Amino acid sequence: MNLDTTAFTGKLKFFLRKKKKRQSFVKKLYFSLGTMTVKNGKYPPESAGRKMIANVPTALPSATIADLPNKLFKKAKDFETLNYVYILDQEGRLVGVLSLKDVFQKPEENIIGKGLMMTDVIKVRPHTDQEKVAILALKHNLKSIPVTDKENVFLGVVPSDVILEILHSE
């Protein structure tokens, strides 16, 4: 079998360029307190990845408390859950979480990344079993559990209603 390595290398480079463009586009979606659709079908049926949603509020650590309420109100109907604001760095990695209670109680001039957000975040990977997700939520009294990949890139959250369904079925 004769393998044309030049053609193969060219196709590989094309695929990698396309993948980087897609990743860049996905990252841009995270930073405007916007919404995003997750394709959950690639994860096992009873996993965090299959149960997660991605239409949740996100912000950069450099944002101030004053930046959040108007954005939250404008896009509230698009979010699938509104318990926390997930703080992501420029690469889309989860660096912290801020409760909505804090958003409305802290002084407006405070910068989120300067001591306001909780940085010791309880999170799971997409292949984590759904039962473990529910147990973590109960153990730590959390309304939702963030899902990240192995590089800590934010993928979505398993929301409270799904956690309750898991507890009911398990």
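Listed conditions (1) open to solvent by less than 30 Å² (accessible area, probe 1.4 Å); (2) assigned to a loop (DSSP other than H, G, I, E, B); (3) in contact (Cβ under 8 Å) with a residue 40 or more places away in the chain are all met by Val97, apart from (2). Restricting the range 81-94 to residues that are touching a helix residue (DSSP H, G or I) at 6+ places or on another chain (Cβ under 9 Å) and either open to solvent by 10 Å² or more (accessible area, probe 1.4 Å) or part of a helix (DSSP H, G or I) (or both) leaves a set whose member that is nearest to Lys143 (Cα to Cα) is Asn83.
For the range 49-80, a residue qualifies if it is of a type in the set (A, V, I, L, M, F, W, C), open to solvent by less than 60 Å² (accessible area, probe 1.4 Å) and more than 13 Å from the chain's Cα centre (by Cα), and the qualifying residues are Ala63, Ile65, Ala66, Leu68, Leu72, Ala76.
The residues of the range 51-77 that are in contact (Cβ under 8 Å) with a residue 60 or more places away in the chain and part of a helix (DSSP H, G or I) amount to a single one, Lys51. In the set (1) out of contact with any strand residue (DSSP E or B) (no Cβ under 7 Å at 6 or more places or on another chain); (2) of a type outside the set (A, V, I, L, M, F, W, C); (3) farther than 14 Å from Pro57 by Cα; (4) surrounded by 15 or more Cβ atoms within 10 Å (Cβ to Cβ), Lys123 fails one condition alone, (1).
The values are calculated or read from the model by the stated rules, or taken from the named source; none is laboratory data. The structure presented is a predicted model; accordingly, all values stated were derived computationally and were not measured. Every residue, glycine among them, receives a Cβ derived from its backbone with ideal geometry; neighbour counts consider all protein chains shown. Accessible surface is based on the protein model in full, side chains and every heavy atom, while ligands, DNA and RNA are left aside. Shrake-Rupley method; radii C 1.70, N 1.55, O 1.52, S 1.80 Å.
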